[in-house]
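Right, one structure below, let's go through it.
The values are calculated or read from the model by the stated rules, or taken from the named source; none is laboratory data. The model shown is predicted, which means the values in this text are computed figures rather than measured ones. Cβ: placed from backbone, ideal geometry, glycine included. Neighbour counts: every protein chain shown. When the accessible area is computed, the model is the full protein with side chains, heavy atoms only, and any ligands, DNA or RNA have been set aside. Shrake-Rupley method; radii C 1.70, N 1.55, O 1.52, S 1.80 Å.
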Amino acid sequence: MQRSAVVTGSTSGIGLAVARRLAQGGMNIMLNGLGDLDAAEAERAAIADEFGVVCRYSSANMMDADAIAAMMAEADEAFGGVDVLVNNAGIQFVSPVEDFPVAKWDAIVAINLTAAFHTIRAAVPGMKARGWGRILNIASAHALVASPYKSAYVAAKHGLAGLTKTVALEVAPHGVTANAIAPGYVWTPLVEKQIPETMAARGMTEQQVIQDVLLAAQPTKAFVTIDQVAGLVAYLASDEAGSITGTVQSIDGGWTAH
Ligand code: NAD
């Protein structure tokens, strides 16, 4: 049976790698994300051609509950149901809490946490009815531990872990699992963009931020790769992973073992 997946925030970084990996495994894919429409169309066409699956793209903004509902309805309609839901869209902003812009707080909580509530509430009835489903929430090591100057992100990711556990308990009798994935630092545009903000917040050079802030947390002294995260998502989305639910899976080069 051919399965279908919605991957939010899949025009870049981790989400794009996850979408490609699930398509490689034969799933139809709903891509989503902001940014250049031509680039998104190129990714969509490449996935459809390379893997022979149906691939759609939705530009739904994860801050907009109605747009999220429309994207989920479109996926249901196009694929006959959403079997795998990957909540991956996320943004970051780095600032001392007393200076944290209120609009940035609201956007981070909306995109990194509340959007997952909206996609999950749309996906769960169909998953329950079909007796199978996989909900994967891309959290972060910051779902388990904190770092200074990331109040909104850490709060939203801890919240996402809580949402994951709660949903897991509710859907467990129906063949549906819900897990969070907690990557350490993965080299993507999201990490690259926060380097100048961290340089300003801590008064450091770029090299100091990479070595003393980012990789300081990871005993492996290496960035996690997008393909490693995609591989973990693909496993958790498989039949074999049916007994893994309600967990927060670390993939962080040993960061949270400290
Ligand atoms: P990225 O910036 O490369 O990609 C983010 C994606 O989210 C893009 O496709 C972007 O268009 C989309 N997006 C952003 N705002 C959106 C909105 N309002 N509506 C719809 N889509 C939106 O980032 P990434 O590093 O690949 O991060 C993906 C996820 O992984 C995020 O949830 C992030 O918090 C998490 N994560 C990343 C790292 C890391 O080190 N890169 C570590 C842990 C967790």
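On a straight-distance basis, which aspartates and glutamates could pair with residue 157 in a cross-link, Cα separation under 18 angstrom, same-chain partners fewer than 8 positions away excluded?
106, 252
Tabulate in residue order the Karplus-calculated ³J(HN,Hα) for segment 212-218, using 6.51 cos²θ - 1.76 cosθ + 1.60 with θ = phi - 60°, rounded to whole Hz; enter x for Gly and Pro.
For segment 212-218, the Karplus-derived couplings read 8, 10, 6, 6, 4, 6, 10 Hz, x marking Gly and Pro.
So what is the orientation-averaged projected area of segment 118-227, using the convex hull of its C-alpha atoms, in nm²? Please list the in-between numbers first.
Details: hull surface 31.9 nm².
The orientation-averaged projected area of the Cα hull of segment 118-227 comes to 8.0 nm².
So for segment 54-123, Kirkwood radius off the Cα pairs, Stokes-Einstein at 37 °C and 0.692 mPa s: how many µm² s⁻¹?
Values: Rh = 13.2 Å.
Estimated diffusion coefficient is 248 µm²/s.
Taking only protein heavy atoms into account and a 1.4 Å probe, give the accessible area per residue of segment 154-258 in Å². Each step should come with its number before you reach the end.
Numbers: 4770 Å² over 105 residues.
Each residue of segment 154-258 exposes 45 Å² on average to a 1.4 Å probe.
If the viscosity is 1.002 mPa s and the temperature 20 °C, what Stokes-Einstein diffusion coefficient in µm²/s follows for the chain when Rh is the Kirkwood radius over Cα pairs? Spell out each step's value before the answer.
Values: Rh = 18.4 Å.
Result for D is 117 µm²/s.
Per residue, how large is the accessible surface of segment 1-69? Use a 1.4 angstrom probe and give square angstrom.
Working: 3040 Å² over 69 residues.
Spelled out: the 1.4 Å probe surface of segment 1-69, per residue, equals 44 Å².
Would you work out if segment 4-155 is rounded, prolate or oblate? Take a ≥ b ≥ c from the square roots of the eigenvalues of the alpha-carbon gyration tensor; rounded if a/c is under 1.5, else prolate when a/b is larger than b/c, oblate otherwise. Don't skip to the end; give the middle numbers.
Numbers: a/c = 1.99, a/b = 1.63, b/c = 1.22.
Since a/c reaches 1.5 and a/b is larger than b/c, the shape of segment 4-155 is classed as prolate.
For segment 136-227, what's the relative contact order in percent, using C-alpha pairs closer than 8 Å and at least 6 residues apart? Walk me through the intermediate numbers first.
Working: 93 pairs, mean separation 26.0, N = 92.
Computed over segment 136-227, the figure is 28 percent.
Place a +1 charge on the Cβ of each Lys and Arg in segment 82-239 and a -1 charge on the Cβ of each Asp and Glu, then give the dipole magnitude about the Cα centre in debye, rounded to the nearest 20. Let's see the in-between values first.
Working: 11 positive and 11 negative charges, 79 e Å.
That gives a dipole near 380 debye.
Probe radius 1.4 Å, ligands and nucleic acids ignored: give me the carbon and sulfur share of the accessible area of the chain as a rounded percent.
Carbon and sulfur atoms account for 55 percent of the accessible area of the chain.
In whole Hz, with x marking every Gly and Pro, tabulate ³J(HN,Hα) for segment 8-17 from phi via Karplus 6.51 cos²θ - 1.76 cosθ + 1.60, θ = phi - 60°.
Each residue's phi maps through the Karplus curve to give 7, x, 10, 8, 7, x, 4, x, 5, 5 Hz.
Taking N as the number of residues in segment 167-258, what value does Rg over Cα atoms divided by 2.2 N^0.38 Å take?
Details: Rg = 16.5 Å, N = 92, 2.2 N^0.38 = 12.3 Å.
Against the compact-globule rule of thumb, the ratio is 1.35.
In terms of modelled amide H atoms, which long-range or inter-chain residues lie less than 5 Å from the amide H of residue 247?
180
Given a cut-off of under 8 Å on Cα pairs at least six residues apart, what relative contact order in percent is computed for the chain?
Values: 499 pairs, mean separation 50.8, N = 258.
For the chain, the relative contact order is 20 percent.
Please give the helix 189-202 orientation as an angle from the longest Cα principal axis of the chain, in degrees from 0 to 90, rounded to the nearest 10.
Result, in degrees: 20.
Per 5 Å bin from zero, what fraction in whole % of the C-alpha pairs of segment 95-134 is there, up to the bin with the longest pair?
6, 21, 17, 14, 12, 9, 8, 7, 5, 1
Between 121, 44, 134, find the one with the highest GNM mean-square fluctuation for the chain; connect C-alpha pairs within less than 10 Å.
Maximum among the listed residues: 121.
From the Cα gyration tensor of segment 1-80, with a ≥ b ≥ c the square roots of its eigenvalues, which class applies: rounded if a/c is under 1.5, or else prolate if a/b is larger than b/c, or else oblate? Before the final figure, lay out each step's value.
On the way: a/c = 1.81, a/b = 1.20, b/c = 1.51.
Verdict is oblate for segment 1-80.
Give the share of C-alpha pairs in each 5 angstrom bin for segment 156-219, from 0 to the last occupied bin, in whole percents, shortest bins first.
4, 15, 17, 15, 13, 10, 10, 8, 5, 2, 0
Which peptide among 12-22, 188-198 comes first, and what is the full order, when sorted by highest mean count of other Cβ atoms within 10 Å?
Details: 12-22: 25.0, 188-198: 15.9.
Order by mean packing, descending: 12-22, 188-198.
Would you pull out the residues with amide H under 5 Å of residue 252's amide H, same chain only if 5 or more places away, H placed 1.01 Å from N?
The answer is 184.
Express the relative contact order of segment 1-151 as a whole percentage, based on alpha carbon pairs under 8 Å and six or more residues apart in sequence.
24
If amide hydrogens are placed 1.01 Å from N in the peptide plane, which non-local residues have theirs closer than 5 Å to the one on residue 100?
none
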